[in-house]
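Since the structure comes first, as structure tokens, the remarks are kept for the end.
The values are calculated or read from the model by the stated rules, or taken from the named source; none is laboratory data. These numbers were taken from a predicted model, which means no experiment stands behind them. Neighbour counts run over all protein chains shown; Cβ positions are idealised from the backbone, glycine included. Note: accessible area is taken over every heavy atom of the protein model, side chains too, but ligands, DNA and RNA are not part of it. Shrake-Rupley method; radii C 1.70, N 1.55, O 1.52, S 1.80 Å.
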Amino acid sequence: MKLTKSQRQALKEKYQGRCAYCGDLLGDRWHADHIEPIVRNWWNGTCEHPERNTLENFNPSCPSCNIVKSSMSLDSFRKIIGGFITSLNRDSTQYKFAKRYGLLEEKEIEVRFWFERCG
Ligand SMILES: [Zn+2]
């Protein structure tokens, strides 16, 4: 569904103007994310779950959370974020260096989205 200007403004305020996932303040450029993905078929413009294209299924999202979440469920999105430390330790020399020099500290905590923490 295409949101009207007032629906979009109300959605932006759903979590006090913050991204529902990371909690960053939303600027002028933010995305209306389908909480349960509709899964767009880019090749023909259709989607796998048109029944999910409802106002209740939208969350305000910063562009980076929306792009990383893509067509994932909340559980899959949570697992992907939780796995970032593993891939950073495997793939990023700068991350490993910063860790060795005590510039950052890893925490064994469950990923909780802003909308789960702010209420
Ligand atoms: Zn975000």
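Compute the distance in nm between two label points, each set 7 Å from the Cα along the Cα-to-Cβ direction, one at residue 101 and one at residue 70.
So the two model labels end up 3.3 nm from each other.
Once both labels are modelled 7 Å past Cα along the beta-carbon direction, what's the residue 1-residue 111 spacing in nm?
Calculated label separation equals 2.8 nm.
Once you place label points 7 Å from the Cα toward the Cβ at residue 36 and residue 85, how far apart are they in nm?
Here the modelled spin labels are 3.1 nm apart.
For region 65-116 and region 1-25, what is the separation of their C-alpha centers, rounded to whole Å?
That distance is 24 Å.
Could you look at the chain and say what percent of its accessible area is carbon and sulfur, using a 1.4 Å probe and all protein chains?
Percent of accessible area from carbon and sulfur atoms in the chain: 53.
Between residue 12 and residue 54, what FRET efficiency follows from the Cβ-Cβ distance if R0 is 25 Å, with the result rounded to 0.05?
For R0 = 25 Å, the calculated efficiency reads 0.90.
Can you list residues from other chains, or at least 5 along the same chain, whose modelled amide H is less than 5 Å from the amide H of residue 18?
Hits under the 5 Å cutoff: 26.
Which percent of Cα-Cα pairs in region 1-104 sits in each 5 Å bin, short to long?
Values per bin, smallest distances first: 2, 12, 18, 18, 17, 13, 9, 6, 4, 2, 0.
With runs of 4+ DSSP H residues as the only contributors, calculate the mean residue ellipticity of the chain at 222 nm using -39,500 (n - 2.57) per run, divided by the residue total and rounded to the nearest 500.
Mean residue ellipticity at 222 nm (helix-derived): -9500 deg cm²/dmol.
Report the charge-dipole magnitude of the chain in Debye, nearest 20, computed about the Cα centre from +1 at each Lys and Arg Cβ and -1 at each Asp and Glu Cβ.
Details: 19 positive and 15 negative charges, 63 e Å.
Computed charge dipole of the chain: roughly 300 debye.
Return one whole number: the accessible area per residue of the chain in Å², for a 1.4 Å probe.
70 Å²
Please list, ordered by chain and number, the residues whose modelled amide H lies under 5 Å from the amide H of residue 3; skip anything fewer than 5 residues away on the same chain.
When sequence neighbours closer than 5 places are left aside, there are no close amide H contacts.
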